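Have a look at the structure below, then the notes.
Please treat every number below as a calculation from the coordinates, not as lab data. All figures in this text were calculated on a predicted structure; none of them were measured in a lab. Methodologically, a virtual Cβ is constructed for each residue, glycine included, from the backbone with ideal geometry; neighbour enumeration extends over all protein chains shown.
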Ligand code: ZN
């Protein structure tokens, strides 16, 4: 994709994921900060939400006019153990309830990694898919969409056995409930994929969330060392063009887990740089 294909990005499409300033700000400080910086949409981090509870966060949001694109994240339902499965599904239902309580459009679903008690990738993926199917009615009744987020294949052991846009599409085909299940595309997770353009076109309107962040050439931690847009190797404008060609025209969400750099910086400075890069590197 040539740089010429890049169209100017409307800054009203900027959504900041709370995790980008996770270490610096409480949820109240985050909400206040978004208003100060004129950012109209946020994604919320569930561990942070747990500190005060969904009802309290809903109260904080009331009257701010902030759009909440999603609650991130829940899932981790790969266990082969029946008792652990019951607990994991209960937890996922609580996350669906929390998503509804804060008025978020979707719940970010992270499948869970391979379980050491069962090293079979195929049976693990089948378990996840069966359990997702079982949650269809619960999510539909709550009015919540579940966003299947493929994570980078390097996370297959630890975080997610859902590793490509193709697998997310295949799962949506099996689930046959596009009113409940959608797909979240994160540049950090999908940039390596030579089938990306084709699978994004196949996904089409299933794409309900789009996350941007960069892959640093000297990445030191697969989860917590993401880069600011423009600092790494990903052709983010190129991927945005593909996502938009597939029909996506909603928020572009900045989601940077960065133990080494951005979590150590002044949060207002981080947001100023996010806004600048949103125009020059997305
Ligand atoms: Zn993401």
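Residues 239, 96 in ascending order of nearby Cβ atoms (within 10 Å, fewest first): 96, 239. FRET efficiency for the pair residue 130 and residue 223, taken as 1/(1 + (r/R0)^6) with r the Cβ-Cβ distance and R0 = 25 Å, rounds to 0.40. Inter-label distance, residue 62 to residue 94: 2.4 nm, where each label sits 7 Å from its Cα along the C-beta direction. If you run the Gaussian network model on the chain, springs between alpha carbon atoms under 10 Å, then out of 41, 245, 141 the most flexible one is 141. The distance between label points at residue 261 and residue 87 comes to 3.8 nm (points 7 Å beyond Cα on the Cα→Cβ vector). Look at the alpha carbon pairs under 8 Å that are at least 6 residues apart: their mean separation over the length of the chain gives a relative contact order of 20 percent. Mean sequence separation of contacting Cα pairs (under 8 Å, at least six apart), scaled by the length of region 76-144, corresponds to a relative contact order of 45 percent. Here 17, 137 are placed in order of increasing Cβ neighbour count within 10 Å, fewest first, which gives 137, 17. Sorted on the mean count of surrounding Cβ atoms within 10 Å across their residues, most packed first, peptides 75-87, 252-264 read 252-264, 75-87. Once both labels are positioned 7 Å from their Cα atoms along Cα-to-Cβ, the gap between residue 37 and residue 178 label points is 3.5 nm. Relative contact order of region 172-261: 32 percent, from C-alpha pairs under 8 Å at least 6 residues apart in sequence. Counting every other Cβ atom within 10 Å of each residue's Cβ, 48, 126 order from fewest to most as 126, 48.
Over 24 Å apart: what share of the alpha carbon pairs of region 14-135 falls there, rounded to a whole percent? Taking all Cα-Cα pairs of region 14-135, the fraction more than 24 Å apart is 35 percent. Packing around the peptides 117-124, 129-136, taken as the average count of other Cβ atoms within 10 Å per residue, puts them in this order, highest first: 129-136, 117-124.
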